[in-house]
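The values are calculated or read from the model by the stated rules, or taken from the named source; none is laboratory data. Note that the coordinates shown come from a computational prediction; the quantities given were computed from them, not determined experimentally. Cβ atoms come from the backbone with ideal geometry, glycine included; neighbour counts cover every protein chain shown.
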Amino acid sequence: MSDIDDGLNRGANRDLRGLKPALAFLTPYKKQVLFASVALIVTAGATLSLGQGIRLVIDTGFASGQTGVLEQSLILFAGFVVLLTIGTFIRFYFVSWVGERVSADIRRAVFAHLIHLHPGFFERNTPSEIQSRITTDTTLLQTVIGSSVSIALRNVLMFFGGVTLLFITNAKLSLIVLASVPFVVLPIVLFGRRVRRLSRTSQDRLADVGSYAGESLRHIKVVQAFNHQDIDEASFSKRVDEAFAVSVQRIRQRAVLVAVVMLLVFGAVATMLWVGGQDVLAGAISAGELAAFIFYAFIVAGSVGAISEVLSDLQRAAGATERLMELLNSPSEIVAPVQPAPLDLERLQLAFENVGFTYPTRPGQQVISAVSFNVGVGEMVALVGPSGAGKTTLFDLVQRFYDPQQGRITLAGEDIRHLQLETLRGQVGFVPQDPVLFSGTLHDNLVYAVPDADEQSIHEALALARADTFVAQLPDGINTLVGEDGVGLSGGQRQRLAIARALITRPKILLLDEATSALDAESEHHIRASIEALKGRMTILVIAHRLSTVRQADRILVLEQGCLVGSGTHDSLLASNPLYARFAQMQFAA
Ligand code: ADP
């Protein structure tokens, strides 16, 4: 798989070909691109024509001494301006529209791809890094497509048009101007580059400031508990000062740049006026020609400046595109076969056959070794073992978040790799140890897997999970808002809600990762009652941390360091399995 380790490195790419894949996203919007292009050409043409307008107004209008002629020249001039205004409106609207549309499409495409990728992908590429790509990189593309590209194209047109018209207007003056171009452009480019480098550094420093504040504030209780405020204040001040120092450096360079540009521009204008003025006095050219010439000189200089300005934008966008395409092209390691095997829903016995597994991120460590066991339909099996034994990993393997490297897992006799992913996961209800509730109401969370679940099945699921009573007692009942962390609910209540959420899909197999945290006696009692009610209705595989749970189970599997070291009931294992006896004594002491 393609590894993305430079996620936060918003590097540029000198090679603008990197932008090409983004252009593919333009294809559906040919019409808008065409409108924008026509408007772009028209506005560039109209801007260039303004120079001729100026010449006409001065030479014909003023020189003729007649008001009528002046008016005619001005009407022509006004015509150009109107054309320019309308063209600019159309160009701006469509170019920005396309930029927004394309970045929205890219965002959508990237998310639609990511949401199906195997979970292991997000261990190598952290979600926050990916999140920043989806927002920052696409925003960069949006700016580029929605303005920089248009600025670049417009200015390329203006540059060539301007140079041509310069020579047409006055070849001698043009040669002088062109000869002096390097002297003007070089210092600007030089200082410009330095300013840009500093603004990138200054952005990085600013990000440091933000992340430092974020971390301290997020963990405010720890900060205050350790009386760490003063140290945090000092470290934060240091970062703020660093950001300030870089900014001042940038401002200094920028100030020099602005001054140099002023000096050079007005120096150039003065030179042109002086040389051109001599020609006007000598009668070699007209005053209008000189004015038009200066106008074109400004256009050409402006376009060079604009192009150099957006070039770095384009390069950065090429880098951003490459990173986005990398995300879009990352293959999923968990894929369903083209022709999935059918699944016999009536005999969903689950079997591990000599399964061996190693996490791809930790190749040296065998997490599951040669594990084999069967779980019959309707059987309740408890997994016990010390932390790190591999219990949660077994759940991950059943749901095909990872594929084992050795052996196979079967459902109704069929290798789960041969099943449709949705079919497999559709049979499995999963209750994580620390249940995640999404923001929204309790109702939203309950119908997470079955958005059109009716009241009846919601109520049944709540009742089976023994969650109906406390939900009814909440001020807004099932419409109570819960945050990302399920604010205001105890661990036991959250777990019961998670059980209800899993039950709504009417799973054939329930994977229950019992909460390790001490549950209040009432919650524990309710969860036990709930499991008792579910027993026999579905296959239950539970990672057990409580004596009450292992006693309920038909069978207990003992796992240690990825190996299955015992199987039986609590009493038989106590008698026959020293490891279990020792473990049970420590774990279930109470
Ligand atoms: P248990 O649920 O029994 O506590 P786990 O299945 O969570 O054990 O973990 C088994 C082993 O696999 C542990 O050593 C753990 O550090 C490692 N492990 C768990 N998840 C990952 C992962 N995503 N990447 C790499 N190693 C992991």
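For this structure, a couple of remarks:
- Check on D444, charged (D, E, K, R), within 15 Å of the ligand (Cβ to nearest atom) and surrounded by fewer than 18 Cβ atoms within 10 Å (Cβ to Cβ): no
- Cβ-Cβ under 7 Å pairs, at least 6 apart or on other chains, segment 367-391 side polar (S, T, N, Q), far side assigned to a loop (DSSP other than H, G, I, E, B) and within 16 Å of the ligand (Cβ to nearest atom): S369/G562
- Residue match in segment 438-445 (condition: on the phi > 0 side of the Ramachandran plot and modelled with pLDDT of 90 or more): no
- Residue list for segment 550-561, restricted to those being buried (at least 20 other Cβ atoms within 10 Å of the Cβ) and within 16 Å of the ligand (Cβ to nearest atom): V550, I556, L557, V558, L559
- The helices (runs of 4 or more DSSP H) found wholly in segment 122-208 and carrying at least 3 residues that are surrounded by fewer than 16 Cβ atoms within 10 Å (Cβ to Cβ) and among the polar types (S, T, N, Q) occupy 127-132.
- V367, sole failed condition from (1) at pLDDT below 90; (2) under 37 Å from the mean Cα position of the chain (by Cα): (1)
- Taking the listed residues A521, A515, the one that is without any contact (Cβ under 8 Å) to a residue 24 or more places away in the chain, more than 13 Å from A465 (Cβ to Cβ) and not charged (D, E, K, R) is A521, with no other qualifying.
- Strands (runs of 3 or more DSSP E) (entirely within segment 462-564) containing at least 3 residues that are β-branched (V, I, T): 539-543
- Looking across segment 99-147, the residues that are β-branched (V, I, T), farther than 25 Å from K30 by Cβ and away from the ligand (no atom under 16 Å from the Cβ) come down to I115, I130, I134, T135, T136.
- Yes/no for G302 being of a type outside the set (A, V, I, L, M), within 30 Å of W274 (Cα to Cα) and either in a strand (DSSP E or B) or away from the ligand (no atom under 16 Å from the Cβ) (or both): yes
- Applying the criterion of being away from the ligand (no atom under 16 Å from the Cβ) and under 40 Å from the mean Cα position of the chain (by Cα) to the residues of segment 532-547, the residue that is nearest to H570 (Cα to Cα) is I540.
- Among all positions in segment 267-280, there is no residue which is exposed (fewer than 13 other Cβ atoms within 10 Å of the Cβ) and either touching a residue at least 24 places away in the same chain (Cβ under 8 Å) or β-branched (V, I, T) (or both).
- Test: S150 is within 30 Å of F92 (Cα to Cα) and under 35 Å from the mean Cα position of the chain (by Cα): yes
- Per this entry, S128 is counted among residues that are farther than 30 Å from A287 by Cα, polar (S, T, N, Q) and out of contact with any helix residue (DSSP H, G or I) (no Cβ under 8 Å at 6 or more places or on another chain).
- Listed here are the strands (runs of 3 or more DSSP E) enclosed by segment 305-406 that have at least 2 residues being surrounded by 15 or more Cβ atoms within 10 Å (Cβ to Cβ) and away from the ligand (no atom under 16 Å from the Cβ): 350-358.
- Pair list, Cβ under 6 Å, 6 or more apart: segment 558-582 residue touching a residue at least 60 places away in the same chain (Cβ under 8 Å), other residue part of a loop (DSSP other than H, G, I, E, B): V558/G385; L559/G385; L559/A389; L559/G390; E560/G385; E560/A389; G562/G390
- Yes/no for I285 being over 46 Å from the mean Cα position of the chain (by Cα), closer than 28 Å to T60 by Cβ, not in a helix (DSSP H, G or I) and not hydroxyl-bearing (S, T, Y): yes
- Qualifying residue in segment 215-222 (condition: hydroxyl-bearing (S, T, Y), without any contact (Cβ under 8 Å) to a residue 40 or more places away in the chain and farther than 22 Å from S37 by Cβ): yes
- When residues of segment 407-438 are limited to those that are more than 13 Å from the ligand (Cβ to nearest atom) and of a type in the set (S, T, N, Q), the one surrounded by the most Cβ atoms within 10 Å (Cβ to Cβ): Q427
- Only one of D208, D232, D204 that is acidic (D, E) and within 19 Å of S312 (Cβ to Cβ): D204
- A581 of a type in the set (G, A, S) and more than 30 Å from A461 (Cβ to Cβ): yes
- Tallying residues that are more than 15 Å from V377 (Cα to Cα), of a type in the set (A, V, I, L, M) and buried (at least 22 other Cβ atoms within 10 Å of the Cβ) within segment 520-549 yields 4.
- Of all the listed residues (F236, F191, F159), the sole one being within 29 Å of A46 (Cβ to Cβ), within 38 Å of the chain's Cα centre (by Cα), in the same structural domain as S286 (by TED's automatic domain parsing) and among the aromatic types (F, W, Y) is F159.
- Number of positions in segment 568-590 that are among the small types (G, A, S) and farther than 24 Å from S530 by Cα: 4
- G477 vs. criteria surrounded by 13 or more Cβ atoms within 10 Å (Cβ to Cβ) and not aliphatic (A, V, I, L, M): no
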